[in-house]
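What follows is a short report on a single structure.
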Amino acid sequence: MSDELSTLLERFKTRDTRALARIITLAERSADFSERLLDALGEQTHRRAHVIGVTGAPGVGKSTLIDKLVLKFREKGKSVGVIAIDPSSVFSGGAVLGDRSRMNRLSVDPQVFIRSFGTAGELGGLSRGARDAIKILRAFGKDVIIVETTGTGQNEVDVALYVHTSVVVTMPGLGDDLQLMEAGFPEIGDVFVLNKSDLAGSDASYAELKNMVQLRYAERAWKPRVIKTVGVSAQGVDELLRALEEHYDHLVSSGELSLRENAGFRKEVEEIIKERLEHELKRYLENRFSEQSVNHNPYKVAKSLLGEFTKLLKV
Amino acid sequence: MGLDGHDRGVKVIARALSDAGMEVIYTGLRQTPEQVAYAALQEDADVVAISILSGAHMTLVPDVLEHLKKLGASDIPVVVGGIIPDDDAKELKRLGVFEVMGPGTPLKQLVSVIEAAASARWKS
């Protein structure tokens, strides 16, 4: 173990926020660091914690709702970590991450740790850095970890694999029920929230949403709660908190908690292999493409390059 | 920070830095120096960039530096932009501010100052 890692871990054990922040950065930068880190942390990354995913279209009020939710958790004496993920630019790799600006009052509470992430080229699911941040925050001893992602369809399915409870946030007027049917109504929600429910038309939207959830989740053991909230005034947030706790209790008593964690683990191994392969493949192609001229048959070229690439992998 | 209600400039700058490949955590208007310092700490920021147009830079900026120090994060470089008289700029730099930039600073120069500040930190 490198000296830097062992010094950081010493400070990490004493709940040093600076060390926590730095470890998250180094893990995001390098998979090798993550591998060594997780070795050192061992079982601690499986400390009891409630990992909650919050997803929804841009502008439905996720960050504001999380701000209020964290305050409730703090009233109950829970320490909280928030991982706020915003899209990065595909071109520059840069990003303007603004979720934090809606939670700033929280951040002066030493029991609350908020960290922003760019999607870093990840189209669905969680980036490697964000996945590791969940584990690191767990090892640090956070009771509740909230992962905020912007979902616009099916990409929340992958996120759901890494959390215990998935909260899907929507708002009145975001599509009639036909759209809800067609545009991939989320099939991974454990709790549904109709935020901004003080807006006109919220009763109809609520009825629709409830209907939809009943229809889609009829066969499941857990019937998702559907809750009306107003994020800015914290209306309905108590009820949301209760629903989250009920769902966690359900996961524990039904044994689903460990099933979910196992599924998440397998998915993560798969992701890591994919990420490594992709990295290797990119490097390989960079060298080979310069020699390859434009050809009328991309399938043939792909086949021959793939043949060469897999041979290289074996050595 | 403080009572400053201007955020157009800072948004333009945030976009420019993002286009240069950086991750910019926008903390929003009317932050306290303490909030800014905590944000820098938790985000493990490479640079703190403060835009001030209110004239309160001689109270707010030293306050940020003080809070960073208190949190054991005084190695994070602080860059300030805004309408800042030369004497104030000198004083701020004496207090440990990495660079002070006035209005009309080309975005390109701003990007390279931030890059310089960030790399100074990663070398240390």
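Tally the residues that are modelled with pLDDT of 95 or more, in a helix (DSSP H, G or I) and hydrophobic (A, V, I, L, M, F, W, C), restricting the search to region A:225-256.
7
Of all residues in region A:44-69, how many are of a type in the set (Val, Ile, Thr), within 12 Å of A:Lys135 (Cα to Cα) and modelled with pLDDT under 95? It would help to see each step written out before you state the result.
Let us first name the residues in region A:44-69 that are of a type in the set (Val, Ile, Thr), namely A:45, A:51-52, A:54-55, A:60, A:64, A:66.
With within 12 Å of A:Lys135 (Cα to Cα) added as a condition, the list becomes A:45, A:51.
Checking the rest, the ones that are also modelled with pLDDT under 95 come to A:45.
Looking only at that region, the number is 1.
Determine whether region A:31-43 contains at least one residue that is at pLDDT 95 or above, over 25 Å from A:Glu280 (Cα atoms) and not assigned by TED's automatic domain parsing to the domain that holds A:Ile273.
The answer is yes; a qualifying residue exists.
Mind checking whether some residue in region A:57-70 is touching a strand residue (DSSP E or B) at 6+ places or on another chain (Cβ under 6 Å), in the same structural domain as A:Asp132 (by TED's automatic domain parsing) and not in a helix (DSSP H, G or I)? First the steps, then the outcome.
Going residue by residue through region A:57-70, those that are touching a strand residue (DSSP E or B) at 6+ places or on another chain (Cβ under 6 Å) are A:58, A:60, A:62, A:66, A:70.
Narrowing further to those that are in the same structural domain as A:Asp132 (by TED's automatic domain parsing): A:58, A:60, A:62, A:66, A:70.
Pick out the ones that are also not in a helix (DSSP H, G or I) and you get A:58, A:60.
Within region A:57-70 (the criterion being touching a strand residue (DSSP E or B) at 6+ places or on another chain (Cβ under 6 Å), in the same structural domain as A:Asp132 (by TED's automatic domain parsing) and not in a helix (DSSP H, G or I)), the answer is yes, since at least one residue qualifies.
Are there any pairs, at least 6 apart or on different chains, whose C-beta atoms fall under 7 Å, with the first in region B:85-106 and without any contact (Cβ under 8 Å) to a residue 60 or more places away in the chain and the second surrounded by 14 or more Cβ atoms within 10 Å (Cβ to Cβ) and of a type in the set (Phe, Trp, Tyr), and if so, which?
none
Which members of region A:17-43 meet the condition of being of a type in the set (Val, Ile, Thr) and either within 20 Å of the chain's Cα centre (by Cα) or at positive phi (or both)?
As a first pass, look at region A:17-43 and keep what is of a type in the set (Val, Ile, Thr): A:17, A:23-25.
Within region A:17-43, A:Ile23, A:Ile24, A:Thr25 meet the criteria.
So which residues in region A:63-97 are free of Cβ contacts under 8 Å to residues at least 40 places away in the same chain and either among the β-branched types (Val, Ile, Thr) or more than 21 Å from A:Thr229 (Cβ to Cβ) (or both), if there are any at all?
A:Gly77, A:Ser88, A:Ser89, A:Val90, A:Phe91, A:Ser92, A:Gly93, A:Gly94, A:Ala95, A:Val96, A:Leu97
Quick check on my filter: what residues within region A:89-133 are more than 7 Å from chain B (Cβ to nearest Cβ), farther than 24 Å from A:Val269 by Cα and not in a helix (DSSP H, G or I)? Before the answer, list the steps.
Step one: filter region A:89-133 for residues more than 7 Å from chain B (Cβ to nearest Cβ), giving A:90-91, A:99, A:102-103, A:105-106, A:109-112, A:117, A:119-133.
If we keep only those that are farther than 24 Å from A:Val269 by Cα as well, we get A:90-91, A:99, A:102-103, A:105-106, A:109-112.
Passing the criteria: A:Val90, A:Phe91, A:Met103, A:Asp109, A:Pro110, A:Gln111, A:Val112.
This table checks each residue for (1) part of a helix (DSSP H, G or I); (2) in the same structural domain as A:Ser304 (by TED's automatic domain parsing); (3) touching a strand residue (DSSP E or B) at 6+ places or on another chain (Cβ under 8 Å).
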residue	(1), (2), (3)
A:Glu261	yes, no, no
A:Ile272	yes, yes, no
A:His279	yes, yes, no
A:Arg283	yes, yes, no
A:Glu286	yes, yes, no
A:Val294	no, yes, no
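Let me spell it out: the conditions are (1) surrounded by 19 or more Cβ atoms within 10 Å (Cβ to Cβ); (2) in a helix (DSSP H, G or I), and A:Arg36 meets all of them except one. Which number is the exception?
Checking A:Arg36 against (1) surrounded by 19 or more Cβ atoms within 10 Å (Cβ to Cβ); (2) in a helix (DSSP H, G or I), the one that fails is (1).
For region B:50-58, does any single residue satisfy the condition of being closer than 26 Å to A:Ile85 by Cα and either within 11 Å of chain A (Cβ to nearest Cβ) or out of contact with any Asp or Glu (no Cβ under 6 Å at 6 or more places or on another chain) (or both)? Step through it out loud before you land on a result.
Here is the first cut: in region B:50-58, the residues closer than 26 Å to A:Ile85 by Cα are B:50-51.
Now narrow it down to the ones that are either within 11 Å of chain A (Cβ to nearest Cβ) or out of contact with any Asp or Glu (no Cβ under 6 Å at 6 or more places or on another chain) (or both): B:50-51.
Yes, region B:50-58 has at least one match.
Are any of the residues in region A:242-253 loosely packed, with under 13 Cβ neighbours inside 10 Å and either in contact with a Ser or Thr (Cβ under 8 Å, 6 or more places away or on another chain) or of a type in the set (Gly, Ala, Ser) (or both)?
yes
Just a yes or no: is a residue in region B:11-22 within 11 Å of chain A (Cβ to nearest Cβ), over 22 Å from A:Val82 (Cβ atoms), in a loop (DSSP other than H, G, I, E, B) and of a type outside the set (Lys, Arg)?
Yes, there is a match, as at least one residue in region B:11-22 is within 11 Å of chain A (Cβ to nearest Cβ), over 22 Å from A:Val82 (Cβ atoms), in a loop (DSSP other than H, G, I, E, B) and of a type outside the set (Lys, Arg).
Identify all residues within region B:23-36 that are assigned to a helix (DSSP H, G or I) and more than 7 Å from every other protein chain (Cβ to nearest Cβ); write none if there are none.
In the first step, residues of region B:23-36 are kept if they are assigned to a helix (DSSP H, G or I); the result is B:33-36.
Passing the criteria: B:Pro33, B:Val36.
The values are calculated or read from the model by the stated rules, or taken from the named source; none is laboratory data. Predicted model, so just to flag it, every value in this text is computed and none were measured. A quick note on method: Cβ atoms are made from the backbone with ideal geometry, for glycine too, and the neighbour counts reach across all protein chains shown.
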